[in-house]
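The values are calculated or read from the model by the stated rules, or taken from the named source; none is laboratory data. Bear in mind that the values here come from a model prediction, so they are computed numbers and not experimental data. Cβ placement follows ideal geometry from the backbone for every residue including glycine, while neighbour counts extend to all protein chains displayed. We work out accessible area using only protein heavy atoms, side chains counted, and drop any ligands, DNA or RNA first. Shrake-Rupley method; radii C 1.70, N 1.55, O 1.52, S 1.80 Å.
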Amino acid sequence: MPVVPSALLAVLVVALTALGPLSTDFYLPALPAIARALHTDSAGVQLTLSVYLLGFGAGQLLVGPLSDRFGRRPVMLWGMVVFVLASVVCALADSITTLVVARLLQAFGACAGPVLGRAVVRDIYGPAESARMLSHVSTATALAPLLAPLFGGWLTALWGWRATFVALTLYALVLMLAVWRLLQETNRHPDPHAMRPARMWANYRTLLADPVYRSALLIGCGAFAALFAFISGSPFVFIEHFGMSPQQMGLAFGLNVTGFMLGSTLSARLSRRIGPARLIRHGVWLGAACGVLLATLALLGPHHPAAVMVPMWGVAAAIGLILPNATALGLAGYPKMAGAAASLMGFVQMGLGAGAGMLVGHGVQSGTSALGLTVAAGMLFSLAAWRFGPRR
């Protein structure tokens with residue numbers, strides 16, 4: 001029987017999709033403390049973020065086809081098991097090397113939640129309604145990066161940085177139980193050949209040959225790179241450069257997340273009326289303008305938190321318009337390989353995001369210019385991908 005949409009299912013999809021941002025944003029206020037405790041610098045501790053993104057992206061290349069072959073539910077359950085075990089190792093890590101390796105394993109488990117959550121939405125709602133539903137999911141999921149740094153800063157101040165990974169372990173255990181009890185299988189078109197290398201390569205080649213999918217992929221890549229540049233650089237900009245406490249950094253980060261929530265809320269309300277393509281157009285122009293403003297203020301001054309937060313709020317709002325609509329457009333034409341389409345999109349986005357995080361990590365100690373320039377470059381990339389992409 002087809003799975004019937006329900007409020008409970010929507011909450012579960014949001015919780016699964018939130019696993020990705022929670023795994024990064026929850027321990028952001030603890031990054032400077034981790035660097036001190038494990039005797040490394042900002043670039044070394046930034047590696048725990050960049051390696052996580054690389055593992056998250058690479059894991060999606062396998063998770064998507066696995067779910068197309070065996071179903072969303074069993075793959076998601078195994079992902080939760082891997083995530084829980086890796087989170088325990090993170091909490092017990094006594095060196096930066098151990099933490100980096102554990103974060104890589106954690107990413108392999110975490111990627112099942114967001115990529116298969118999006119595939120479940122595509123399975124249930126189809127191409128017409130998935131853009132609106134993905135926008136609603138993005139709005140609700142934005143509560144994770146809004147609240148996670150606040151609670152992460154609080155836990156770090158009270159019990160130290162290891163408490164953040166303990167909290168992630170408990171969250172994943174609850175989520176695994178919920179998937180086991182509540183999630184029915186939504187893949188009604190299983191492909192028995194989806195895991196064959198020749199079929200996987202043929203699927204990815206088909207996707208990349210489609211100009212609509214390719215344009216949606218590249219637009220989302222630029223937006224995600226800009227977003228992750230801010231995620232990875234903000235703890236050191238706010239705490240080390242501007243002298244904020246972990247709790248204050250969490251609040252500053254959360255205020256910027258409200259921009260993303262506004263953008264995704266507008267996207268959900270307007271997607272039927274004006275369509276995903278026009279929302280993307282508005283988003284790339286707004287993001288490019290605010291990104292250039294952020295870079296200009298970072299290079300010329302004033303050196304004040306507002307010079308980062310105000311333009312970054314506009315960038316976050318633009319990303320809220322771009323990402324759900326780019327995802328919906330990319331997946332719309334592929335009902336029988338939605339998992340592969342979502343995983344390829346996630347892999348490329350995560351790879352560029354990891355590169356952006358590494359760039360910011362090596363330059364963030366000298367001020368805000370590396371952060372501003374990387375965010376601006378990502379949004380200008382999205383604008384260029386839209387400008388030279390198909391117009392339909």
If Pro74 passes every condition in (1) in contact with a helix residue (DSSP H, G or I) (Cβ under 8 Å, 6 or more places away or on another chain); (2) more than 17 Å from Val237 (Cα to Cα); (3) at pLDDT 85 or above but one, which one does it miss? (1)
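Can you pull out every residue in segment 34-46 that is in a helix (DSSP H, G or I), more than 21 Å from Thr368 (Cβ to Cβ) and among the aliphatic types (A, V, I, L, M)?
Across segment 34-46, the qualifying residues are Ile34, Ala37.
So if I check each of Arg69, Arg103, Arg132, Arg122, which one is crowded, with 22+ Cβ neighbours inside 10 Å and either at pLDDT below 85 or at positive phi (or both)?
Arg122
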For segment 205-237 the number of residues that are out of contact with any Leu (no Cβ under 8 Å at 6 or more places or on another chain) and open to solvent by less than 10 Å² (accessible area, probe 1.4 Å) is 2
Within segment 65-86, how many residues are under 14 Å from Leu175 (Cα atoms) and not hydrophobic (A, V, I, L, M, F, W, C)? 3
Mind listing whichever residues of segment 247-273 are farther than 14 Å from Leu323 by Cβ and open to solvent by less than 40 Å² (accessible area, probe 1.4 Å)? Met249, Gly250, Ala252, Phe253, Gly254, Asn256
The condition of being assigned to a helix (DSSP H, G or I), touching a residue at least 60 places away in the same chain (Cβ under 8 Å), farther than 22 Å from Gly333 by Cα and over 21 Å from the mean Cα position of the chain (by Cα) holds, among Gln184, Gln247, only for Gln247
Checklist (1) open to solvent by 20 Å² or more (accessible area, probe 1.4 Å); (2) part of a helix (DSSP H, G or I) applied to Ala307, failing item: (1)
All but one of (1) farther than 22 Å from Trp161 by Cα; (2) charged (D, E, K, R); (3) over 17 Å from the mean Cα position of the chain (by Cα) hold for Asp94; state the number of the condition that does not hold. (1)
Name every residue in segment 312-331 that is closer than 13 Å to Leu217 by Cβ and open to solvent by 10 Å² or more (accessible area, probe 1.4 Å), in order of residue number. Leu323, Thr327, Leu329
Failed item, numbered, when Met176 is tested on (1) within 30 Å of Val75 (Cα to Cα); (2) over 24 Å from the mean Cα position of the chain (by Cα): (2)
